[in-house]
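J.: Dropping the structure in here first, questions after.
The values are calculated or read from the model by the stated rules, or taken from the named source; none is laboratory data. This one's a predicted model, so the numbers in the text were calculated from it and none came from an experiment. So basically every Cβ, Gly included, is an ideal-geometry build from the backbone, and we count neighbours across all protein chains shown. Each accessible area value is taken on the protein alone, full model and side chains, heavy atoms only, with ligands, DNA and RNA left out. Shrake-Rupley method; radii C 1.70, N 1.55, O 1.52, S 1.80 Å.
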Amino acid sequence: MMKILVKYEFLKILRKKSTLIVMAVSLIVTAFLFGLPIIQFQTYHQDGVMKGLKGISYKKAQYTDVSVPLTEEYVTDTIREVQQLFDNPDHIGYDGTEEFLIGDAYWNEIAPRESLLNMIARNYVNPGEYAGYNSMPEIDVTNGANFYETRNSKIETLLNDPSRGLSAEQKAYWRQMNSKVKTPLQYGYYEGWEIILTSFELFMFALLAVCIAIAPVFCGEYQAGTDAVILSGKYGKTRLIAAKITASLLFGLTSFTLHVVLAFGLLLAAFGTDGWNLPLQIAGTTVPYPLTFMQAALINLGVIYLVLLAMMGLTLFLSAKMKNSYLVLAVIVPVLFLPMFLTPSGTTGIYNLILFLLPYRSTIPETGNYVSYQFGGLVLDLLSVRAILYAALTVLLLPFARLGFKKHQVS
């Protein structure tokens, strides 16, 4: 009986013309947004620019010689090689502010590994500062590169920055997490996974589409005048309400997964799956999470699914309490998108800590930031708090949605 009711309610949502239109538009928008990095991709070589799939293939091939473990010896030798290039005045250009390599010295020695060289160089500057390969002549490698010692010192500078206001317990938490990062870091090609990690907020449109589709689940019955029939039926206040909620969740999870498969499929088909097992630290040495790119992507995707469930719970609760779906969406849309226009001013403080937990911000991994929450002696990182918060909201809102329709007074 319950399976039949769930199937009926699922098909009821799916067969609505408005649902089909919203989902079709949402899938097109998702394909367009996640396809843009492929269309707009470009890389340079000595003869000009290469775009799209051809450019991606060319850049990927450049990583063949730099897919290596970043040992102290390798980093030291690499820095010395760049310094020797700068020793020859014929190799140097100047734009009025800084020196850089030109000609064959750049195209043959720097360009094929510029991303690696820039990552190494950034490890030696203060937190928040940018550096490229042309800062390498300033690095003292007389006694070796001390790459990982410098990384640890930089992390300590971050943790002890007075503006962050981290407690002793929070500092200890991040130190312990950083100690789990395995060294030497393995470097390699990770373009596709990096784009995925920086594009998660684009799923907000898919999330909105789900909310639009299920907004009429309860209030649609009020508008059609069928609420009296449903609530007076034998199973109207029990099984049918449960079936509506279950069908809504199934529809939402299924349709959202379709968006995820489309988005990830496009990016990984174009950029390849290479780099899934590489550490996040090769994108920024001070990243504290001891995760690979794929682990970070899956964990953040799990958080987004929890956000989705909570937003579906809120949508169903509002649907049970309001007269029509337009009123429901008048609440849902600001909740989802207003935080888009709010920017954190730091990583601590009530305003910032709340902002990091709002739906839009919760789609962004923030793995490079040291955002933590302390409850007495317990310290939790941002990803953990988001998961706990949205799981709790889901558990809280779904029963209220059921109760809201059950106690609805038929007019």
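J.: According to a simple spin-label model (label point 7 Å from Cα along Cα-to-Cβ), what is the distance in nm between Ser345 and Asn324?
T.: 4.1 nm
J.: Could you pull out every residue, at least 5 positions away or on a different chain, whose amide H is within less than 5 Å of the one on Gln186? Hs are placed 1.01 Å off N in the peptide plane, and Pro or chain starts have none.
T.: Distant-sequence amide H within range of Gln186: Leu70.
J.: Same structure again: Mind listing the long-range amide H neighbours of His45? Cut-off is under 5 Å, sequence gap 5 or more, other chains count too, H placed in the peptide plane at 1.01 Å from N.
T.: Those qualifying (amide H under 5 Å, at least 5 residues apart or on another chain) are Met50.
J.: Let me ask something additional. Counting only trypsin sites (Lys or Arg not before Pro) that are in a DSSP loop and have at most 13 other C-beta atoms within 10 Å, tell me the longest site-free stretch of the chain.
T.: The longest uninterrupted stretch comes out as 16-179.
J.: Between Arg80 and Met177, what is 0.36 nm times their sequence separation minus the Cα-Cα distance? Round to one decimal in nm.
T.: Stretched out fully, the Arg80 to Met177 stretch lengthens by 31.7 nm.
J.: How high is the FRET efficiency from Val260 to Phe400, r the C-beta distance, R0 22 Å, rounded to 0.05?
T.: 0.20
J.: Then there is this: If the convex hull of the alpha-carbon atoms of the stretch 82-213 is projected onto planes in all directions, what is the mean projected area in square nanometres?
T.: 13.3 nm²
J.: Just to compare against my own numbers: the Cα pair-distance distribution for the stretch 1-119, 10 Å bins, whole % per bin, please.
T.: 10, 25, 22, 13, 10, 10, 7, 2, 0
J.: Which whole-Hz ³J(HN,Hα) couplings does the stretch 94-101 yield from phi under the Karplus relation 6.51 cos²θ - 1.76 cosθ + 1.60, θ = phi - 60°, glycine and proline marked x?
T.: 9, 9, x, 10, 8, 8, 8, 8
J.: If each Cα of the stretch 347-408 is one equal point scatterer, what is log10 of I(q)/I(0) from the Debye formula at q = 0.20 Å⁻¹?
T.: -0.79
J.: Could you give the nm distance between label points at Thr64 and Met2, where each point is 7 Å from its Cα heading toward the beta carbon?
T.: For the pair Thr64/Met2, the computed spacing is 5.8 nm.
J.: I need the calculated FRET efficiency for the pair Val49 and Glu99, taking r as the beta carbon distance and R₀ as 22 Å, to the nearest 0.05.
T.: So, using R0 = 22 Å, E works out to roughly 0.35.
J.: Might you tell me the accessible area per residue for the chain, computed with a 1.4 Å probe and given in Å²?
T.: For the chain, the per-residue accessible area is 48 Å².
J.: Calculate, for Leu338 and Asn108, the FRET efficiency according to 1/(1 + (r/R0)^6) with r their C-beta to C-beta distance and R0 56 Å; round to the nearest 0.05.
T.: According to the calculation, E is roughly 0.65.
J.: Averaging sequence separations of C-alpha pairs under 8 Å and six or more residues apart, then dividing by the length of the chain, give the relative contact order as a whole percent.
T.: 21 percent
J.: A further question follows. What percentage of all Cα-Cα pairs in the chain are separated by more than 26 Å?
T.: 63 percent
J.: Turning to a different aspect of this structure: Nearest 10 degrees, 0 to 90: what angle lies between the long axis of helix 147-159 and the longest principal axis of the chain (Cα atoms)?
T.: Helix 147-159 sits roughly 50 degrees off the main axis of the chain.
J.: Suppose a student asked you for the relative contact order of the stretch 32-158, using Cα pairs under 8 Å spaced at least 6 residues apart; what percent would you report?
T.: Contact order relative to length: 22 percent.
J.: Where does the Debye-calculated log10 I(q)/I(0) of the stretch 3-52 sit at q = 0.14, 0.20, 0.31 Å⁻¹, using only Cα point scatterers of equal weight, no solvent?
T.: Results for the stretch 3-52 at q = 0.14, 0.20, 0.31 Å⁻¹ read -0.58, -0.76, -1.02.
J.: A further question follows. How far, in degrees from 0 to 90, does helix 382-406 lean away from the longest principal axis of the Cα atoms of the chain, to the nearest 10?
T.: 10 degrees
J.: Give me the percent of Cα-Cα pairs in the stretch 61-153 that sit more than 18 Å apart, rounded to a whole number.
T.: That fraction is 45 percent.
J.: What is the pair-distance distribution P(r) of the stretch 248-303, computed from all Cα-Cα distances in 10 Å bins starting at 0, with each bin given as a whole percent?
T.: The distribution over the stretch 248-303 is 21, 42, 27, 10, 0, given as percents.
J.: Against the longest principal axis of the chain, how steep is helix 325-337, in degrees 0 to 90 to the nearest 10, with axes from Cα atoms?
T.: 20 degrees
J.: OK, next. Rounded to the nearest 20 debye, what is the charge dipole size of the chain about its Cα centre when +1 sits on each Lys and Arg Cβ and -1 on each Asp and Glu Cβ?
T.: For this selection, approximately 3860 debye.
J.: Tell me the relative contact order for the stretch 337-376 as a rounded percent, counting alpha carbon contacts under 8 Å between residues six or more apart.
T.: 39 percent
J.: Between Ala269 and Glu129, with labels modelled 7 Å along Cα→Cβ, what's the label distance in nm to one decimal, could you check?
T.: Calculated label separation equals 4.5 nm.
J.: Shifting gears a bit: Which residues make up the longest stretch of the chain that has no GluC sites (Glu not before Pro) in a DSSP loop with at most 13 other Cβ atoms within 10 Å?
T.: Value returned for the longest uninterrupted segment is 130-411.
J.: Can you give me the long-range amide H partners of Gly93? Hydrogens built in the peptide plane at 1.01 Å from N, cutoff under 5 Å, separation of 5 or more residues or another chain.
T.: Distant-sequence amide H within range of Gly93: Phe100, Leu101, Ile102.
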